[in-house]
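Report on the structure given below.
The values are calculated or read from the model by the stated rules, or taken from the named source; none is laboratory data. What you are looking at is a predicted structure, and each value in this text was computed from that prediction instead of being measured. Using ideal geometry, Cβ is built from the backbone for each residue, glycine included, and neighbour counts are taken over all protein chains shown.
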Amino acid sequence: MTAETYPLQVLLLTVSGWVHREQQHVVEYLVEENRVLKEQLGGKVPRLTNDQRCRLAAKGKRVGRRLLMQVATIVTPDTILRRHRRLIAAKWTYVTKRVGRPGLMKQIRELIVRFAKENSGWGYCRT
């Protein structure tokens, strides 16, 4: 570390600390706003749409369980992370292709059975 870069590093640390503090104030405000809105619901559970659930799950996974314990006010952290696991499971679920020869159409199968019953002399016989 040279003496020329030291003032720049101090300035950078000061600015980053200020930005972090501002972000922390915004987060604290939003958490408190959510608590107030939840109190206004009067103990009722808010009904979320699938889109809202997906958005909460995606953002909640990034935040992590420990921080969700402090921040989450609408639903529990376990619920948010469970929804995220279901989203990931649904994303990686593929339709598996059948292995082997494809089946015959029902009409063709019925036609073959009818021919076999009507013509019992056709085919291999051991005589």
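Phe115 versus (1) of a type in the set (A, V, I, L, M, F, W, C); (2) part of a helix (DSSP H, G or I); (3) surrounded by 12 or more Cβ atoms within 10 Å (Cβ to Cβ): which is the lone unmet condition?
Failing condition for Phe115: (3).
On the basis of being more than 30 Å from Gln52 (Cβ to Cβ), loosely packed, with under 12 Cβ neighbours inside 10 Å and at pLDDT 80 or above, does Lys106 make the cut?
Spelling it out, Lys106 is indeed more than 30 Å from Gln52 (Cβ to Cβ), loosely packed, with under 12 Cβ neighbours inside 10 Å and at pLDDT 80 or above.
Can you tell me which residue in the stretch 1-36 is nearest to Thr76 (Cα to Cα), limited to those that are aliphatic (A, V, I, L, M) and either in contact with a helix residue (DSSP H, G or I) (Cβ under 6 Å, 6 or more places away or on another chain) or not in a helix (DSSP H, G or I) (or both)?
Among them, the one singled out is Val31.
Restrict the check to the stretch 79-101 and report whether at least one residue is surrounded by 12 or more Cβ atoms within 10 Å (Cβ to Cβ) and at pLDDT below 85.
no
Per-residue answers, yes or no, for (1) closer than 17 Å to Arg85 by Cβ; (2) without any contact (Cβ under 8 Å) to a residue 12 or more places away in the chain; (3) of a type outside the set (Lys, Arg):
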residue	(1), (2), (3)
Pro46	no, no, yes
Thr49	no, yes, yes
Lys59	yes, yes, no
Arg62	yes, yes, no
Val71	no, no, yes
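Being of a type in the set (A, V, I, L, M) and in a helix (DSSP H, G or I) is the filter here, so list the residues in the stretch 37-69 that pass it.
Our first condition is that a residue be of a type in the set (A, V, I, L, M); within the stretch 37-69, this holds for 37, 41, 45, 48, 56-58, 63, 67-69.
Residues satisfying the conditions are Leu37, Leu41, Leu56, Ala57, Ala58, Val63, Leu67, Leu68, Met69.
Mind telling me which of the residues Thr79, Thr73 ends up being outside any loop (DSSP other than H, G, I, E, B), β-branched (Val, Ile, Thr) and under 29 Å from Glu32 (Cβ atoms)?
Thr79
Against the definition (under 38 Å from the mean Cα position of the chain (by Cα), outside any helix (DSSP H, G or I) and among the hydrophobic types (A, V, I, L, M, F, W, C)), how does Ile88 come out, yes or no?
No; evaluated as a whole, the condition is false for this residue.
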